[in-house]
Amino acid sequence: MSIESARTTEIPDAADIPVVILCGGMGTRLREASEKLPKPLVDIGGKPVLWHIMKTYEHYGFRKFVLCLGYKSDLIKNYFLAYRAQVADFTLTLSDDHTPQFHNAVGDEKWEVTFAETGLLTGTGARLRRVAQYLTGPRFMLTYGDGVGAIDVGAVLSDHVESGRLGTVTGVRPSSRYGELETDGNAVTLFAEKPPQTGWVSGGYFVFEREFIDKYLDDDPALLLERHPLQQLARDGQLTLHNHDGFWMGMDTFRDWTELNQLWDSGSAPWRVWAD
């Protein structure tokens, strides 16, 4: 297990808390890897980044997922519709109804996945608003379909519940893309390759009370979650920070995709908290 402080037991009631994953973006900055695929299906080690995110949540007991679909949504649906057939042994008799006879349980996951069409160019806040009908409990988790981290999502939930606020965001300190120099005159006294940022930035991995949707989201199809809704939530004193000092990385560019695959292939992927 890659995360030193990972929980070994599931979170009580986690199976009843839906996890919303924003999967509708086009991934234009990852064009080399995603030109023919929606970004959540771009692979790390032969599995879509979306699969890695869902496995992280499953490790902590979360089972219900709501996927906010948009760009090339049919490919995401087809991936899951054919999920078992892609990995399991089966026999197919082509003289009958062509129903596969599976010979093992490979590909079985304890997941309930809702596929919601939320529009091609819809903003992130509007996508969330459009899946409100599937969020019937008191709270829900939310993240993006394009980043992975050694995130203890159970601890995120615990901080949220303890705070009593409407929302919680995971703050991360990603490494800079550039080497940092400290100087004395024209002499370089320190060269730090990709030092971590000093301030917190949003790494996604949110928790919200259900009432957040009704109070802070409207029907504007261009509504971005990261602008007025979260900015107003913070101004109202209703947003909690969960500090995460460990690994987190967004898969925004071809360079990111390459680095994540190298970590996976080396057997040292920090976000791999689940057992095979």
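The values are calculated or read from the model by the stated rules, or taken from the named source; none is laboratory data. Worth saying up front: this structure is predicted, and the values here are computed from it rather than measured. Glycine also receives a Cβ, built like all others from the backbone with ideal geometry; neighbour counts cover every protein chain displayed. SASA here: full protein model, heavy atoms, side chains in, ligands and nucleic acids out. Shrake-Rupley method; radii C 1.70, N 1.55, O 1.52, S 1.80 Å.
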Inset, instruction - Would you please list the contacts, defined by Cβ atoms under 8 Å and residues six or more apart or on different chains, that run from a residue in the range 129-154 that is under 15 Å from Gly24 (Cβ atoms) and open to solvent by 10 Å² or more (accessible area, probe 1.4 Å) to a residue that is among the charged types (D, E, K, R) and not in a loop (DSSP other than H, G, I, E, B)? - result: Asp146/Lys39
Inset, instruction - Filter the range 225-263 for residues that are within 17 Å of the chain's Cα centre (by Cα), within 14 Å of Gly149 (Cβ to Cβ) and assigned to a helix (DSSP H, G or I) and give the result. - result: Asp256, Leu260
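Matching residues to (1) open to solvent by 20 Å² or more (accessible area, probe 1.4 Å); (2) of a type in the set (Ser, Thr, Tyr); (3) at pLDDT 95 or above:
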| residue | (1), (2), (3) |
| --- | --- |
| Ala6 | no, no, no |
| Ile11 | yes, no, no |
| Arg31 | yes, no, no |
| Leu37 | yes, no, no |
| Trp51 | yes, no, yes |
| Arg84 | yes, no, no |
Inset, instruction - Considering only the range 232-256, state which residues are more than 18 Å from Thr56 (Cα to Cα) and either open to solvent by less than 60 Å² (accessible area, probe 1.4 Å) or among the aliphatic types (A, V, I, L, M) (or both). - result: Gln232, Leu233, Ala234, Gly237, Gln238, Leu239, Thr240, Leu241, Asp252, Thr253, Asp256
Legend entry - Members of the range 95-130 that are part of a loop (DSSP other than H, G, I, E, B) and among the polar types (S, T, N, Q): Ser95, Thr99, Asn104, Thr118, Thr122
Inset, instruction - Those residues that are of a type outside the set (A, V, I, L, M) and either within 9 Å of the chain's Cα centre (by Cα) or at positive phi (or both), I need them from the range 41-50; list them, please. - result: Gly45, Gly46
Legend entry - Residue list for the range 48-75, restricted to those being assigned to a helix (DSSP H, G or I) and more than 19 Å from Met141 (Cβ to Cβ): Ser73, Asp74, Leu75
Inset, instruction - State which residue pairs qualify: first residue open to solvent by 80 Å² or more (accessible area, probe 1.4 Å) and inside the range 210-231, second residue of a type outside the set (A, V, I, L, M) and assigned to a helix (DSSP H, G or I) in any location, beta carbons under 7 Å apart, and separation of 6 or more residues or different chains. - result: Asp219/Arg129
